[in-house]
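Single-structure report; data block below.
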Amino acid sequence: MALSRWVLGLALFAMPGLAQAQDLTGTLKKIKDTGTITIGYRETSIPFSYLGAENKPVGFAMDICEKVVDAVKKELKDDAIKTNYIAVTSSTRIPLIANGTVDLECGSTTNNAERQKQVSYTNSHYLSESKYVTKKASNINSIADLKGKTVVSTAGTTNIKQLNERNQADNLGLTILTAKDHAEGFLMVETDRAAAFVMDDILLAGLAANSKDPSLYVISTDAFSKAEPYGIMLPKGDEPFKKVVDAATAEIYKAEGPALYTKWFGTPIPPKNINLNLPLSPALAKQFEAPLDSADPDAYIR
Amino acid sequence: MDKIVDWFSIFWQESAEGTGTYAYTLLLGLQLTLEISVIAAVVAFVMGSIVGVCRTLPSPLVRRLSGAYVEFFRNIPLLVQLFLWYFVLPELLPRDIGMWLKQVPHSNFYTAAFGLGLFTSSRVAVQLSAAITSMPRGQKMAATALGLTTRQSYTNVLLPMAYRIVFPPLTSELLNLIKNSSVALTIGVAELTQSARNMDSYTFQTFQAFTAATLIYLVLNITITAVMRRIEHGVAVPGMLVAK
Amino acid sequence: MFSNFDFQVIIDALPYLFLQGMVFTLKLTLLAAIFGTIFGTVLALMRLSGVWPLPQIAGAYVNFVRSLPLLLVIFWFFFLVPFIAQKMVGSPRPIPIDPFLTALITFSLFEAVFFSEIMRAGIQSLPKGQVAAGYALGLSYTQVMRRIVLPQAFRNMLPVLLTQTIVLFQDTSLVYVLSLNDFLGIAGKIGQRDGRLTEMYIFAALVYFLISFAASQAVRRLQAHTAIIR
């Protein structure tokens, strides 16, 4: 089945006569030609993009992407376009966008200048700080308390980079483990393999809320970073595609940003019907009113 | 020429981990790969020898137990074995011991090294017991006739010969073991393959990072093969076939 | 110690574990074994051909791939295959390839090296006189190989090929690192989601053990059969 799809794809590329809409380029052309758009989703980025009931990807970013896909269909005037879902991890998401496997990555990817050399971002959909979660019982109240301990973060994230820098700068003497994904990182704390899991505050809240006993955990007040923007990733240097996606997200944020936010951050969500109870921050409310795609954290302090 | 210099320049950049250049990151990875391999090789050799001998002993109970040992370690994927030792074992032990096990510094490193060693030991055991049983029965009988105990006949007659016979297959097991040590990355050990991935995820220079790791594995493999060939010629049993 | 062992988690996950995960794993194993054997046989014939530079090329490929860890090869291919496909069809941008297909290509090319060594041994173990007799009868190289050498080499080596396939079956668990939905991948995902890793990993180990053990027993029995034919 997979093979036949591939052969079909090859045939479409090989026969230029079949390519319609000559004026399309890049991703839009590819979507039109192959009749599919590929979305990269995360498995444990609660509540942005994760496996819900029946192991289907759901979440705040997935809802936004679904509407973006509708906009792309409208742009291409083709309702038959199918959506293909591929699971990505923190370390595979950027190469997969760069090598053309994934068209839109819908998750919790921090938008920063360095990554913009590889990929593009549409308007940011969240702002988060890098913090850490510990067990209450371990009595760790500040970053300094972590000194000499084993901590974990997820491979391929900005968090682990900031953690390494902080470890060097403050001479913390940390043993830093790398986890494949966020659930594995949290598991390290849950099973006492690590004293703390360093990650974006919102993801920590999602993981802790969904754990067996949420009352055991506490999220730090100390942060390793400023509030950084999350964005949906798309291939770099593809202006026509980015224009369609930017216009779609801007419209979605303005029209239903706060409502979507409440759906995922203020009401019970699958799989365990837990309510994260996080009110919309003023900075994010402003972002929904006047969307930005900047990588600079300071641009969002408005 | 400039292009080549440019291609390599990434390795001299300061790494995002703040511990030196990316070349240094890869060397640290290589060091971990070698450390895991050495510990695992010792564990594999010792456990493999014990179990391999047990498989040839007369006692049916000992044979059955050692047979079960081999089947256990041979029929479960290495990755799953590491998960069993790392995530499952501490939960099954009494709470205090489990806690201690989890909080030993670098517990993932030791888990990987011992897990890989036990996995490989089943292969060593099979090779060794095959070598012992392949020897002419007369050797064992002669040893018994000379009044040697079972223990003495193994240490003085059978094993010295068996080890010389299994030297070539053990060399390829050692090479396999080094390659298999990359599975340690699944429990968070930044060995060579993982350090190439780390470099990749900070710099996005996938080609350079993976090419470097590939070359290091290649050189490692060639070096060990060459050294082992040398030794092999020294220990080869005269009159027996030697794989050249 | 099993006081809070939750069997219900496993029971609930059974359809997903087997209908999706195990099907993925077995499909990957069988297809990679078939393609690996075909490509491996080609490599073996190249090595034994004596026609410069075929033996050198095949030998270099085998020795090169054999010195690399499978995990590194998996990472290489996962990122490279879309670029290779792009080059192959001259497309302006990398071509997205289904992750299953990428895994299949990777395992076929990697395991071919091991299958080729087995086939080489199988071909070499046949008496030289058979080949000579074939040529004396006026058969071409292709005919000698297809009618005389390969069928015998394949039959004699079948137990070893199958044993290597069992190793391949276990190796496919390594696609875990790419978050693909193979048997282990799904077991891990469900275990993490429900906080029941202990149960899921023990169950996964048990399933891998039973399948590999049963398969290797079957191969042993087959070996006893074919040994008589030789």
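Observations, loosely collected:
- Relative contact order [Cα under 8 Å, 6+ residues apart], chain A, whole percent: 24
- Protein heavy-atom accessible surface, 1.4 Å probe, per residue over chain B: 48 Å².
- Residue-normalised accessible area of the stretch A:130-225, given per residue in Å² at a 1.4 Å probe: 32
- Given +1 at the Cβ of Lys and Arg, -1 at the Cβ of Asp and Glu and no other charges, the dipole of the stretch A:94-149 around its Cα centre is 400 debye to the nearest 20.
- Other-chain or far-sequence residues with amide H under 5 Å of residue A:40's (modelled H): A:86, A:103, A:104, A:105, A:106
- For residue A:147, a cut-off of 17 angstrom between C-alpha atoms picks up these aspartates and glutamates, skipping any fewer than 8 places away in its own chain: A:165, A:170, A:192, A:222.
- Approximate shape of the protein assembly as shown as ellipsoid semi-axes (Cα gyration tensor, √5λ), whole Å, largest first: 48, 33, 24
- Annotation: cysteines of the protein assembly as shown without a disulfide-compatible partner (Cβ-Cβ under 4.7 angstrom) are B:54.
- This model, with +1 at the C-beta of Lys and Arg and -1 at the C-beta of Asp and Glu, gives the protein assembly as shown a dipole about its Cα centre of some 3260 debye.
- Mean-position separation - Cα centroids, the stretch A:242-302 and the stretch A:53-85, in angstrom: 18
- Dipole orientation for the stretch A:130-225: of the candidates A:216, A:195, A:159, A:195 has the Cα lying most toward the positive pole (charges on Cβ; Lys, Arg +1; Asp, Glu -1).
- Cβ-based charge dipole, the protein assembly as shown, positive-most Cα from A:249, B:156, A:59: B:156
- Rolling a 1.4 angstrom probe over the protein heavy atoms with all chains in place gives chain C an accessible area of 45 Å² per residue.
- Centre separation in Å (Cα based) which lies between the stretch A:182-214 and the stretch C:131-171: 54
- For the stretch C:43-105 versus the stretch B:66-123, the gap between their alpha-carbon centres in whole angstrom: 34
- Accessible area of the stretch B:24-235 belonging to carbon and sulfur atoms, whole % at 1.4 Å probe: 68
- Listed pairs A:226/C:189; A:73/A:242; A:67/A:226; A:74/A:236; A:29/A:236 exceeding 20 Å between Cα atoms: A:226/C:189; A:67/A:226; A:74/A:236
- Magnitude of the charge dipole, the stretch A:193-302, Cβ model with Lys/Arg +1 and Asp/Glu -1, debye to 20: 340
- Value of Rg/Rh across the stretch B:24-235 [Cα atoms, Kirkwood radius]: 1.05
- Pairs of alpha carbons in chain C separated by more than 29 Å make up 42% of all such pairs.
- Of all DSSP beta bridges in chain A, antiparallel share, percent nearest 5: 55
The values are calculated or read from the model by the stated rules, or taken from the named source; none is laboratory data. Computed from a prediction, not measured in an experiment: that's the story for all the values here. Cβ atoms come from the backbone with ideal geometry, glycine included; neighbour counts cover every protein chain shown. Each accessible area value is taken on the protein alone, full model and side chains, heavy atoms only, with ligands, DNA and RNA left out. Shrake-Rupley method; radii C 1.70, N 1.55, O 1.52, S 1.80 Å.
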